[in-house]
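Working notes, structure below.
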Amino acid sequence: MQHRFQQSLLQLTFGYAATEPASLEEQSSNSRRHGKKRVWVVQYYDAEGHHRYHTLGLQQVFLPFYRGKWKGSTKGTSENRIQFHIVGELGNSQIETLTPSVLQAFLDRKAASSSFSVVDHLRWDLSSICELAVAEKVIPTNPATALYTPKNAQKGACPVMTADEAEAAVGAVEFRERVIFHLAIFAGLRPGEMLALQRRHVAQDRSSVEVQQRVYRGEIDDPKNRKARTVAIPPRTATQLSEWLDTAVDPAPEAWVFASENKVGLAWVDFKVVRRTNASLGQDANVDPKVSADQRGHGIGVSLDVYTKTSIQKKAEGAQQLEGAVLGRKVVPIREKVAS
């Protein structure tokens, strides 16, 4: 019987073997001390009947290691993604065979059927798994450091409401949903953050709210990235919020500001659209990008690269500004040409 002792990706990720031994007499596995650490070993009898054993690798594996770091929301999505995509296709591959070209080919295949976000996360997953393998001395170098997300990975449409559409949306819904729209569009709150708001989180003058928790899959959880923050509430939104608190919310400090998770949608407008609208209209209004990103609770790079979408009017104005600066003469604005 030919034995393969290289550690598979499945073992490194979950901590168990990809295949069962043919029989207990032929092969068994347990853990032993190796210096100050415990390692998995396989015991077997060779062709001459001599008892042998071979070290498979350290007991510490990827998911048990990262479960202590991940939040509940990250744990669910990450484990499902790793299980379905990475382990589903590469689980039985020996770790030593996963070269950069093999891993990049895997991402290329995934790009043909999965979204850009999924493929980008898979690239990060592979890098993290292999990084742990290097730290555990399973492999000498990380083969995933040079991986890139293929250009053909599918990027879905990212619609954003115009100022007129945002105004129409706010005016088209009932009082409760109008308050929610105000907080989302003008203050940048996430849906889970709004649903987790309690009266105690709202400033007495309604000028700010404290984001200390969020709702995730019906459970109260820590804020995203475990970072609490204070969000400024603009005057008209503060007026709406104050009226809602005075007329529809129990006066107790622990009372939920929005007691139900139901919300009214406006066709294509969902909360992703609303958050992109907050970022994009803020840019159009010349709000400082760092201030805008801090309001929404993410980094400035994410704010500019993911959430902010530039309107065609702003693109036209920018192009005309550049043209005028280079050519050194006044350029008639496009809207004036159309009017004439």
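Just a few scattered comments:
- Comparison of VAL179, VAL173 shows that the only residue that is closer than 29 Å to ASP221 by Cα, assigned by TED's automatic domain parsing to the domain that holds SER292 and in a loop (DSSP other than H, G, I, E, B) is VAL173.
- Some residue of segment 157-172 being touching a strand residue (DSSP E or B) at 6+ places or on another chain (Cβ under 8 Å) and closer than 30 Å to TYR66 by Cα: no
- Restricting GLU219, GLU243, GLU193 to those that are among the acidic types (Asp, Glu) and over 19 Å from the mean Cα position of the chain (by Cα) reduces the list to GLU243.
So that you can scan it fast, the table gives a plain yes or no per residue for (1) part of a strand (DSSP E or B); (2) of a type in the set (Gly, Ala, Ser); (3) touching a residue at least 40 places away in the same chain (Cβ under 8 Å):
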{"residue": "VAL209", "(1), (2), (3)": "yes, no, no"}
{"residue": "VAL215", "(1), (2), (3)": "yes, no, yes"}
{"residue": "ILE220", "(1), (2), (3)": "yes, no, no"}
{"residue": "ARG236", "(1), (2), (3)": "no, no, yes"}
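- Those residues of segment 88-117 which are surrounded by fewer than 18 Cβ atoms within 10 Å (Cβ to Cβ), at pLDDT below 90, assigned to a helix (DSSP H, G or I) and not acidic (Asp, Glu), in sequence order: GLY88, THR97, PHE116, SER117
- Taken together, PRO143, PRO159 contain a single residue that is out of contact with any Pro (no Cβ under 7 Å at 6 or more places or on another chain) and assigned to a loop (DSSP other than H, G, I, E, B), which is PRO159.
- If the condition is being surrounded by fewer than 15 Cβ atoms within 10 Å (Cβ to Cβ) and in contact with a strand residue (DSSP E or B) (Cβ under 9 Å, 6 or more places away or on another chain), then segment 209-229 contributes ILE220, LYS227, ALA228.
- Segment 270-297, residues that are in a loop (DSSP other than H, G, I, E, B) and either modelled with pLDDT under 65 or within 18 Å of THR162 (Cβ to Cβ) (or both): ASP270, ALA285, ASN286, VAL287
The values are calculated or read from the model by the stated rules, or taken from the named source; none is laboratory data. Please read these numbers as outputs of a predicted model, since none were measured by experiment. Using ideal geometry, Cβ is built from the backbone for each residue, glycine included, and neighbour counts are taken over all protein chains shown.
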